[in-house]
Every structure is written in structure tokens, then in C-alpha cells.
Amino acid sequence: MSERKKVTIPVLFKKVQDGEPITWLTCYDYPTAFLQEQAGIEMILVGDSLGMTMLGYESTLPVTMEDMIRHTQAVRRGSPNAFLVGDMPYMSYQPSTESAIRNAGRFMAEASCDAVKLEGGVEMAERVRGIHDAGIPVIGHLGLTPQSVSALGGYRVQGRGAAQAKKIVEDAKALEEAGAFAILLEMVPDRLCQLITERAENCFIMGLGSGPHAHGQLLIYHDMFGLYPRFKPRMAKVFGNAGEVILNGLKGYQEEVKTGVFPQPDNWFGIKDEEFDELLTLLKGEANG
Ligand code: KIV
């Protein structure tokens, strides 16, 4: 395990103050969390995108609190030091402030999270305030909010028109005033992201597909490594094609087993001659008895 120091909220704000962009990635399992810990990734989001990337649903809506807690626990085991954010799934916070506090508390108590994230602006500000007042750090999420994909008319850029952009600016202020210490802007135009970043006073801004001006960047792990088979969003840069590497490996395994190339002596275990002879004698004795 690396000698990393634990990433905390003061550590993150210090980076903002120093103008050092913050790195944030999604993660859903133990081995990937282990690698992200080694790479020094500062924030990890166990996103409800796991419904699509890990469970094969067509949207994030079917994801439950139980799904989220199980995956978040595994990620924490792999990465003890990254700042771990649990993503509140659909209907875990929308019904009431009480449901929001209870479920946010589960992420903290059962999965050792450092914070939670939820989607929505002014209309969710009371939930954010309730979670914050309960002593749980909370991150807002504006722009393309996948839990509202139907209402938004699909996975598309948000805030291209002035009126919608103004609403996003107001939403960001409302979340900040309600106590969010950070806000994620997903798929908003770069200059809108810059404007909101410049106006942030008591929170910092993270961007996903929203340009270079935010205080840090978030990417979906599966998009970075060619691991999501259905599509690759334009905003995602592929940093390595792990999907291709794995597919070639799988084809190799299929071929080698069929042709007898695998396994080789290195891949199996033997038994001493005398033990094997004794085994045969024992079995013969049983058959005769
Ligand atoms: O669930 C998730 O991974 C997210 C990102 C799309 C921001 O919320």
C-alpha cells in the first residue's frame, strides 16, 4: 500500500487556493480503487452510473441504496486515502429531507464515505441544507443530471440558451448557500462553467465535459479505458484501451484452450510418484474389499 496522506476537505480547498486542479474519477470496485489509490487520484465518486457501467441497465434509475452501499464499501477497501464520495441514487433523497439525511448517513456510517453527492438545483436546496446541517459534507450536481434524463430530453448539453444558463447560475448559488462545499457541472458550456467557477465563494466547482476553467475535472472511469460497450461520450478522453486489451486476452484464452496450448506445466500442480502409487494401491484395496 502507498504512503499517501488522507485527502480531506481542507486539503481540497488548499489545492483550490493554490490553483492546482483536482482529479476526480468514478470507481465501483476494489481492484480499480486500489489502482486509483496508487495513481494518487484525489477524489473518487462511486457514481450511480454503476447501474449502466457495472450492472448493464439502460439508465441510472433502477440503482438502489443497497447497490450503492455494497460497491462503495468495496471501493473504500481498495482506496483508504482518496476523498470518497457516495452518489445518492434515484429516490433516495427526492421524497423528503428526512429520507435524504437518512440515506446520506448510510453512506457515511456503512461505507466510510467522506461526502455524498446529489442532483438538482434550487428545488433540492432544502435536501442539501438538511444533509449539511446533519454534519454530512455534500456536493451538488447541475447541468446534465442523468436521473432527470427524461425531463431533460436526453443526454445533451445544458445551459446553451441564456435563460437556461441563468437558471444554472442561480441553482449553483442556491446550493452553495444551502451548504454544498462543492458543485459538479456536467456538460455545460465552457464559459458558463468559468462564470460559475469565478463566482463560487464558499465552494469549489468540478467539471465533467464543461471545459478547463473549473477547479478540477471528473471523468467516468469506463469511458477513459474503453470499457463501456454501448457508447463513448464525446467529452471523454480515452487514456488507454483496456477494453481492447481484455478482448484480445479473452480471444487468446479461447484459442489456446481449444488448441491445447493452455495449460502448460507452469500452470498446474503435480503429485510425487510414491504418493500417486500409494493412492492407486489404496483405491485398488477399496475396490477389492
Ligand atoms: O453517477 C455518476 O457517475 C455521476 C457522473 C455522471 C457525474 O453522477
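The values are calculated or read from the model by the stated rules, or taken from the named source; none is laboratory data. Bear in mind the structure is a predicted one, so any value in this text is a computation, not a measurement. No Cβ is skipped: glycine too gets one built from the backbone with ideal geometry, and neighbour counts run over all protein chains shown. Just so you know, the surface numbers come from the protein's heavy atoms only, side chains and all, with ligands and any DNA or RNA stripped out. Shrake-Rupley method; radii C 1.70, N 1.55, O 1.52, S 1.80 Å.
Identify, by number, the condition in (1) open to solvent by less than 80 Å² (accessible area, probe 1.4 Å); (2) within 30 Å of Glu176 (Cα to Cα) that Glu198 doesn't meet.
It fails just one condition, (1).
Just give me the residues in region 81-115 being more than 18 Å from the chain's Cα centre (by Cα), open to solvent by 30 Å² or more (accessible area, probe 1.4 Å) and away from the ligand (no atom under 16 Å from the Cβ), in sequence order.
Correct list: Pro95, Ser96, Thr97, Glu98, Ile101, Arg102, Ala109.
Say we look at region 175-205 and pick out the residues that are in contact (Cβ under 8 Å) with a residue 60 or more places away in the chain and within 16 Å of the ligand (Cβ to nearest atom); which of these is nearest to the chain's Cα centre (by Cα)?
Leu184
Results for (1) at pLDDT 95 or above; (2) out of contact with any Pro (no Cβ under 9 Å at 6 or more places or on another chain), shown as yes or no for each residue.
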| position | (1), (2) |
| --- | --- |
| Ser2 | no, yes |
| Val7 | yes, yes |
| Val11 | yes, yes |
| Lys15 | yes, no |
| Asp18 | yes, yes |
| Leu25 | yes, yes |
| Asp29 | yes, yes |
| Phe34 | yes, yes |
| Met54 | yes, yes |
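Out of all the residues in region 83-114, which are touching an Asp or Glu at 6+ places or on another chain (Cβ under 6 Å) and closer than 22 Å to Thr32 by Cβ?
Matches in region 83-114: Phe83, Leu84, Asp87, Pro89.
So in region 124-156, with the set limited to residues that are polar (S, T, N, Q) and within 14 Å of the ligand (Cβ to nearest atom), which one is most open to solvent (accessible area, probe 1.4 Å)?
Ser148
Right, Arg77: open to solvent by 40 Å² or more (accessible area, probe 1.4 Å), under 16 Å from Ile131 (Cα atoms) and either touching a helix residue (DSSP H, G or I) at 6+ places or on another chain (Cβ under 8 Å) or hydroxyl-bearing (Ser, Thr, Tyr) (or both) or not?
So Arg77 does not fit the description; no.
Go through region 213-233 residue by residue and tally those that are touching a residue at least 12 places away in the same chain (Cβ under 8 Å), open to solvent by 30 Å² or more (accessible area, probe 1.4 Å) and farther than 13 Å from Gly47 by Cβ.
Number of matching residues: 8.
Filter region 123-154 for residues that are over 16 Å from Glu177 (Cβ atoms) and either touching a residue at least 40 places away in the same chain (Cβ under 8 Å) or not in a helix (DSSP H, G or I) (or both) and give the result.
Those that are over 16 Å from Glu177 (Cβ atoms) and either touching a residue at least 40 places away in the same chain (Cβ under 8 Å) or not in a helix (DSSP H, G or I) (or both): Ala134, Gly135, Ile136, His141, Gly143, Leu144, Thr145, Pro146, Gln147, Val149, Gly153, Gly154.
What are the pairs with Cβ atoms under 6 angstrom where one residue, in region 78-90, is free of Cβ contacts under 8 Å to residues at least 24 places away in the same chain and the other, located anywhere, is crowded, with 23+ Cβ neighbours inside 10 Å and among the aromatic types (Phe, Trp, Tyr)? Sequence gap at least six, or different chains.
none
Between residues in region 246-261 that are open to solvent by less than 100 Å² (accessible area, probe 1.4 Å) and residues that are in a helix (DSSP H, G or I) and not small (Gly, Ala, Ser), which pairs lie under 8 Å by C-beta distance while being six or more apart or on different chains?
Pairs found: Val261/Glu255.
Filter region 50-74 down to residues that are surrounded by fewer than 17 Cβ atoms within 10 Å (Cβ to Cβ) and among the small types (Gly, Ala, Ser) and give me whichever is farthest from Tyr155 (Cα to Cα).
Per the criteria, the residue is Gly56.
Out of all the residues in region 27-49, which are part of a helix (DSSP H, G or I), open to solvent by less than 30 Å² (accessible area, probe 1.4 Å) and of a type in the set (Ser, Thr, Tyr)?
Correct list: Thr32 only.
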